Amino acid sequence: MSSFWNERYSQKEYIYGEEPNVFFAEQIDSLQAGTIVLPCEGEGRNAVYAATKGWEVNAFDMSVEGRNKAMQLAEKKKVTLNYIIEDASLVNYQENSADVVAFIFSHLPEPIRKHIYAKAITWLKPGGRIILEVFNPLQLNNNSGGPKDITMLCTEEILLKDFAALDIESLETLQINLKEGKYHEGKADVIRLVGLKK
């Protein structure tokens, strides 16, 4: 998969745009800045936004090209990122070290998804939160992005099971209009979740 993403991110333009995901920005703007982990962060739009708001940002992705563009965007915005190249099945951060872990359209095969969701909960401090937006299976009917493999899409039932250890603050399935660069544009079926570590 790294070769796929390296090829996609090698384009000069930011294929998902330079602005943050709308739901992510809304959530971050409502919180006091702390430490955040951003898995599968690609070109860095959400990481850079969080950094401009005073967050200490830890991000990772398997794509070198994605990281390169993230660091260019960070330089443009005059912020600092801790961004490493790592596989989602192997990455780790210190337990009880993060105020937020945010999964924004980070779609993974089921075994890896379950593994990293479980690890992400351990990275959170007590009272820390998971912020998540993913495509749901109805997205297969749309042309606005996301994997075409239904096993990589999530339902509310899947997320409630994967995050059973959290207090779920909000969980919503909805249809939105995406405007996030040329690969995320148009009608989209998503799920948004916010969960707090007990």
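Is it the case, given these coordinates, that L138 is among the hydrophobic types (A, V, I, L, M, F, W, C), part of a helix (DSSP H, G or I) and over 24 Å from L196 (Cβ atoms)?
Yes, satisfied.
Could you tell me which residue of the stretch 23-43 is nearest to R129 (Cα to Cα), considering only residues that are part of a loop (DSSP other than H, G, I, E, B) and within 10 Å of the chain's Cα centre (by Cα)?
Within the stretch 23-43, the match that is nearest to R129 (Cα to Cα) is P39.
Confirm whether N46 is closer than 27 Å to L171 by Cα and in contact (Cβ under 8 Å) with a residue 12 or more places away in the chain.
Here the answer is yes, as N46 does meet what is asked.
Quick test for you: out of A47, A59, A70, A102, pick the one residue that is more than 13 Å from the chain's Cα centre (by Cα) and modelled with pLDDT of 95 or more.
A70
The rows are residues; the columns are (1) surrounded by 18 or more Cβ atoms within 10 Å (Cβ to Cβ); (2) within 18 Å of V91 (Cα to Cα); (3) in contact with an Asp or Glu (Cβ under 7 Å, 6 or more places away or on another chain); (4) of a type in the set (D, E).
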site	(1), (2), (3), (4)
R8	no, no, no, no
K12	no, no, no, no
F23	yes, no, yes, no
Q27	yes, no, no, no
M62	yes, yes, yes, no
R67	yes, yes, yes, no
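Among residues belonging to the stretch 155-174 that are in contact with a strand residue (DSSP E or B) (Cβ under 6 Å, 6 or more places away or on another chain) and under 16 Å from N21 (Cβ atoms), point out the one that is surrounded by the most Cβ atoms within 10 Å (Cβ to Cβ).
E172
Against the condition at pLDDT 95 or above and in a strand (DSSP E or B), how does G146 come out, does it pass?
Criteria not met by G146.
Tell me, yes or no, whether the stretch 60-77 has at least one residue that is in contact with a helix residue (DSSP H, G or I) (Cβ under 7 Å, 6 or more places away or on another chain), without any contact (Cβ under 8 Å) to a residue 60 or more places away in the chain and under 13 Å from A102 (Cβ atoms).
Checked against the condition, which is being in contact with a helix residue (DSSP H, G or I) (Cβ under 7 Å, 6 or more places away or on another chain), without any contact (Cβ under 8 Å) to a residue 60 or more places away in the chain and under 13 Å from A102 (Cβ atoms), the stretch 60-77 yields no hits at all.
Could you list, in sequence order, the residues of the stretch 115-129 that are crowded, with 20+ Cβ neighbours inside 10 Å and part of a strand (DSSP E or B)?
Those that are crowded, with 20+ Cβ neighbours inside 10 Å and part of a strand (DSSP E or B): L124, G128, R129.
Mind checking which residues of the stretch 9-43 are touching a helix residue (DSSP H, G or I) at 6+ places or on another chain (Cβ under 8 Å), free of Cβ contacts under 8 Å to residues at least 60 places away in the same chain and farther than 19 Å from A120 by Cα?
Passing the criteria: S10, E18, P20, A25, E43.
Looking at (1) of a type in the set (G, A, S); (2) within 21 Å of E19 (Cβ to Cβ); (3) surrounded by 14 or more Cβ atoms within 10 Å (Cβ to Cβ); (4) modelled with pLDDT of 95 or more, which is the one condition that is false for G181?
Evaluating G181 over (1) of a type in the set (G, A, S); (2) within 21 Å of E19 (Cβ to Cβ); (3) surrounded by 14 or more Cβ atoms within 10 Å (Cβ to Cβ); (4) modelled with pLDDT of 95 or more leaves (4) as the failure.
Tell me which residues, restricted to the stretch 1-44, are modelled with pLDDT under 95 and among the polar types (S, T, N, Q).
S2, S3, N6, S10, Q11
With respect to L132, determine if the residue is exposed (fewer than 14 other Cβ atoms within 10 Å of the Cβ) and within 19 Å of P20 (Cβ to Cβ).
Judged against the criteria, L132 is not a match.
Restricting attention to the stretch 29-52, and to residues there that are surrounded by fewer than 17 Cβ atoms within 10 Å (Cβ to Cβ) and not hydrophobic (A, V, I, L, M, F, W, C), which single residue is nearest to N92 (Cα to Cα)?
G34
The values are calculated or read from the model by the stated rules, or taken from the named source; none is laboratory data. Please read all numbers here as calculations on a predicted model, not as lab measurements. All Cβ positions, even for glycine, are placed from backbone atoms using ideal geometry, and neighbour counts span all protein chains on display.
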